[in-house]
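Enquirer: To start, I am sharing the structure in question, which I have written as structure tokens.
The values are calculated or read from the model by the stated rules, or taken from the named source; none is laboratory data. All values derive from a computational prediction rather than experimental measurement. Counting neighbours? That spans all protein chains shown, and the Cβs are built from the backbone with ideal geometry, glycine included.
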Amino acid sequence: MLAVLHAREDAYGMNVRREIETRTDREVAIGAVYATLDRLEQKGLIASRRVNGDGGSRRVFSVTAAGTRALYETRTVRDRLWQGLDLPVLVAKFRA
Amino acid sequence: MASHSPAQPPAPPRVPVAILGALLPFAERSEVLADLAAEFAYRAGTFGKPAASRWYWRQLASSAPSLTRRIWWRGWSGFEPNANRMRPGGPSMESWIMDARYAARRLVRRPLYTVLSVLTLALGIGGTAAVYAIARPILLDPLPYRAEEGLVAFWMPFDWSEQEFLYLRGRVPGFSEFAAYRTDNVLLDRGDGQVRLLPSIFSSVELFPVLGTKPALGRWFQKGEDERGAEAVAVLSYGLWQELGGDRSIVGQRLRIDGQPRTVVGVMPRGFWFPDPTTKIWIPQPLRPDNRSGNYAFLGRMAPGLTVERMSGPMAEFVRMLGERFKYPAQWDKTKNPALTPLRKYLVGSLTPALVATFVAMGLILLIACANVAALMLGQVEGRTTELAVRSALGANRVRLTQQLVAEAALLGIAAGIVGALLAVLAFRGLVAALPLGAWGEAATLSWSVFAAAMVAAVLAATMVAIAPGVAMWRGNLRHVIGSSRTGGIAGRGGRLEGSLVVAEVALAVVMAAGAGLLVRSVAKLYAIDPGIDTRNVGVLHIVLPNEMETPRRFQALREISDALATMPGVTNAGAAQILPISGDGWSSGIRVEGDPNGEVTTTFVRFVTPKYLETMGVTLRDGRMFTDADRTSAGTTPGIIVNEALVKKYFPGTNPIGRRVSTGFSDTLGVVIGVVNDVAEAHLTDAPGPARYMLAETIPFVAGGQGVVFRTSGRDPATLLEDARQMVRRTIPGAGIERVSTMEREFATAVGPARQVMMLLAILTTLALVLGAVGVYGVISHFVNRRSRDWGVRLALGMAPSKVVRMIVARGTALVGLGIVLGIAAFFALARLLGSLLYGVGASDPLAMGTATVVLLVVGVLAAVIPGMRASRTDPAIVLREQ
């Protein structure tokens, strides 16, 4: 979903794949991307529509309001879990 | 070569492109492939084409699992992304999953239809699978011998002697290997007080070179081990080796077999059998050139390149050699009709007709079941015409609608396959017991092939079920239906497809009923044969006297056993003979009548018995007297002989035989005829009465080890006394083995043979076929009636008599059934020869059997049509017409 947001207006399958690939530095399969996007669409977290561009018709994804809320909640929960933990201190402890 | 020009970007490898294309939904296919191609081109430019190709393959490899999962998930959930609304649908698998789900829902909503269809199909599937699983190892699996096509059995099995074998050994023209064997039972003493009787083979050392199977452990017999004085050795079956502990050190150990220590030299591999799966031990027979008693069968492996058809030359030479050496008398000239039988036919040929007949019957049941379910489904399709027409109007094409039917049939098939496999497991044991398999029945084991067969049958059944409704859907003009469904079905289709299903069902049922009818008639005729003994209230024990028992002690043992049994409560008489009647064994020897110059040129049956044996068997005295205990003392010198009527007719026509002297057949001694009894079917039930002599056991200087002991009760069921009798024999002669116990009635049933067992099965299956057929006729006719209820309503409203409505409907049913009967009888003539060898006293085209089958089917068919006819005649025109 974050990758869809990053890809902005050009959030079609291949671009989403590329976004994830560059940001995680891992090779990602196009099939896995489409399967995941389908699931997210079914849950109503993202939506897809057809956009006719220069390369023909494309399925373009966008994050829905429900998706944004889910992202916000995930982020909040994670931040809450991190509260009170100092990462540099933890890393230093392991190095020692 | 355009793809290699610098202007064109390099194309990705074709195979992964095709596979990915197949896994993607229509709407996304070109888009995703184009994007991948673009990235591929970029990578090829940057990192080189091989690296780009590798990347493309990696994309396929890691995409395929998630895409496959997506197909499944989409098919199951029916999810369609918003963007693909205008071009829905994915790969064909997706629609199949969707249809299967839809079909499953429909089936769950119609439990009666579903359960009926599944059970009907499962009956056919289970039965067919069970018979297949029994028949496959016997009829289809390769025999456990090397190059079985080269193996043949010689004519007149178990009629050849050691003398003949030794003369022929090593010089049989046209054969590379040649062996003789005979069957016997041996007593294995395991040293723990338990003596077991094991079916065994005594053979010349060439038996295994002929069969070409190597032992799993140890070795086969060596040259010279079938000579007198050679070390006593034996080869065990895999099963016996396992029973004895399965220790590899068994080779070289000694077992006590028939009271004599024998060294085990080998163990045959698992799955090996000869001549049937019950044989446990193979022993080399010390062969004597002077032994002329004929109880061997000859087997041979033809020289390379020869076939049975091309053996006439070598056989002519073989016969010439035989004829020259052994000047056979005309009565049993072995050179007369030489014939070689391929080994498979020789070993399992007798089982074939029964198995094939049962398999065909099961297959017919399956076909009838398919026709029934197809008719049911057709009814469902007709009931859904409006729904289907609407779907078709909304854009569903016929392929898709048919696919839905096929999915429904496939689901029914799968369910029926599972239920059928369970039924097959249940039916397997029952069928093994019911089929005349003999030694094979004991060896039949349930294997996964039952399930495999059930699944194959289920797939076939589902396909057949889907055909008729599929054709109906394909043919009908669905859009037209929307219009006609409200205005009336009078002009609707005539239901010809349903009609043909009924015709097919009836035809199949006729084939079964006629087959069963023929067998019933045969068996009735067999039962009507008078075996010459009173089979009621007679218990039977097949015993084996210990080998080490001396002959005089054996005479005494037989007397002691008979006397002991006679003292049991409820027993009136007891006796023994070396062979019991109708057991198929024809012990005979030459006869010479004093004063007749012809000498010993003909033979009669001979039976060595105890004094009370004939009375126990219920044989009737016609003249003279029966044996008494006093005859024992004179048996060695001037034995009393009782003869049967057939003997009198042949050797003493028109004269009184009492007091005349005839030879005993085993020495020069002449005996005196003391009595005449009625003819008894000594060997086979269906044989014409043959001359027979009965003598006391003491007449000849030896006693056969195997004896048939019988006792007659005073009305009590002898089966209830068998266990006591067994104990009594054990107590009287502790070393005696008891091979099996039975009653004379059971022995008689066995003698009636395979026809009886196959008849029982066919009768059950025919009942099933009739029920299924009746249900089919009823279903189709009642559907026909329902579809036209408006038609009847209008006719009744216009003044047609209700009885005429019934007549019209029954006439239609009768016409269908009649056509089915005609076709069925025609089909039966084509199949009747399958039963040929099981029939006795009736021709394959027996009019009575045919007539009965016709009448039964006609009655069942008409009855099945009357019920819906009655219903139609009671149609209330007001209600039907108001529905419009």
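Enquirer: If a residue must be more than 9 Å from chain A (Cβ to nearest Cβ) and in a helix (DSSP H, G or I), how many such residues does the range B:84-103 contain?
Expert: 12
Enquirer: Next question. Scanning for something crowded, with 22+ Cβ neighbours inside 10 Å, of a type in the set (Lys, Arg), modelled with pLDDT of 85 or more and more than 18 Å from residue B:545 (Cβ to Cβ), does the range B:713-720 turn up at least one residue?
Expert: no
Enquirer: Which residues, taken from the range B:407-430, are surrounded by fewer than 23 Cβ atoms within 10 Å (Cβ to Cβ) and under 13 Å from the mean Cα position of the chain (by Cα)?
Expert: Scanning the range B:407-430 gives B:428, B:429, B:430.
Enquirer: Something else: Can you tell which of B:785, B:806 is modelled with pLDDT under 80 and surrounded by 17 or more Cβ atoms within 10 Å (Cβ to Cβ)?
Expert: From the options B:785, B:806, the qualifying one is B:785.
Enquirer: From the list B:107, B:36, B:112, B:116, which residue is within 12 Å of another protein chain (Cβ to nearest Cβ) and among the aliphatic types (A, V, I, L, M)? Let's see the steps before the verdict.
Expert: On the way: B:107 fails: within 12 Å of another protein chain (Cβ to nearest Cβ); B:112 fails: within 12 Å of another protein chain (Cβ to nearest Cβ); B:116 fails: within 12 Å of another protein chain (Cβ to nearest Cβ).
So the residue among B:107, B:36, B:112, B:116 that is within 12 Å of another protein chain (Cβ to nearest Cβ) and among the aliphatic types (A, V, I, L, M) is B:36.
Enquirer: How about the range B:605-702: which strands (runs of 3 or more DSSP E) wholly inside it have at least 1 residues that are among the β-branched types (Val, Ile, Thr) and under 44 Å from the mean Cα position of the chain (by Cα)?
Expert: The qualifying strands (runs of 3 or more DSSP E) are B:640-644, B:670-677.
Enquirer: Of all residues in the range B:67-83, which are in contact with a Ser or Thr (Cβ under 8 Å, 6 or more places away or on another chain) and at the interface with chain A (Cβ under 9 Å from one of its Cβ atoms)? Steps first, answer last, please.
Expert: Start the filter on the range B:67-83 by keeping residues that are in contact with a Ser or Thr (Cβ under 8 Å, 6 or more places away or on another chain), which leaves B:75, B:81-83.
Residues satisfying the conditions are B:81, B:82, B:83.
To keep it simple, each residue is scored yes or no on (1) without any contact (Cβ under 8 Å) to a residue 60 or more places away in the chain; (2) more than 24 Å from the chain's Cα centre (by Cα); (3) surrounded by fewer than 17 Cβ atoms within 10 Å (Cβ to Cβ).
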site: B:810; (1), (2), (3): yes, yes, no
site: B:815; (1), (2), (3): yes, yes, yes
site: B:832; (1), (2), (3): no, no, no
site: B:835; (1), (2), (3): no, no, no
site: B:838; (1), (2), (3): no, no, no
site: B:841; (1), (2), (3): no, no, yes
site: B:851; (1), (2), (3): yes, yes, yes
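Enquirer: Could you say which residue among A:65, A:92, A:7 is in contact (Cβ under 8 Å) with a residue 12 or more places away in the chain and more than 10 Å from chain B (Cβ to nearest Cβ)?
Expert: One residue alone meets the criteria, A:7.
Enquirer: Right, here's the next one. Taking the range B:140-168, which residues are free of Cβ contacts under 8 Å to residues at least 12 places away in the same chain and either assigned to a helix (DSSP H, G or I) or under 17 Å from residue B:336 (Cβ atoms) (or both)?
Expert: Residue satisfying the conditions is B:140 alone.
Enquirer: State all residues of the range B:596-634 that are buried (at least 21 other Cβ atoms within 10 Å of the Cβ), among the hydrophobic types (A, V, I, L, M, F, W, C) and more than 15 Å from residue B:562 (Cβ to Cβ); if no residue qualifies, say none.
Expert: B:605, B:606, B:619
Enquirer: Okay, moving on. Answer yes or no: is there a residue in the range B:323-334 that is out of contact with any His (no Cβ under 6 Å at 6 or more places or on another chain), modelled with pLDDT of 85 or more and over 23 Å from residue B:181 (Cβ atoms).
Expert: yes
Enquirer: Could I ask something else about it? Output the number of the condition that residue A:42 fails; it satisfies all remaining conditions of (1) within 7 Å of chain B (Cβ to nearest Cβ); (2) of a type outside the set (Ser, Thr, Tyr); (3) buried (at least 18 other Cβ atoms within 10 Å of the Cβ).
Expert: Here residue A:42 clears every test but (3).
Enquirer: Another question, if that's okay. Contact list please: Cβ distance under 7 Å, first residue in the range A:48-62 and more than 7 Å from chain B (Cβ to nearest Cβ), second residue assigned to a strand (DSSP E or B) and surrounded by fewer than 16 Cβ atoms within 10 Å (Cβ to Cβ), pairs at least six apart or on different chains.
Expert: Cβ pairs passing all conditions: A:60/A:49; A:60/A:51.
Enquirer: Another question, if that's okay. On the given criteria, is residue A:79 surrounded by fewer than 15 Cβ atoms within 10 Å (Cβ to Cβ) and either within 12 Å of chain B (Cβ to nearest Cβ) or in contact (Cβ under 8 Å) with a residue 24 or more places away in the chain (or both)?
Expert: Against the criterion (surrounded by fewer than 15 Cβ atoms within 10 Å (Cβ to Cβ) and either within 12 Å of chain B (Cβ to nearest Cβ) or in contact (Cβ under 8 Å) with a residue 24 or more places away in the chain (or both)), residue A:79 does not qualify.
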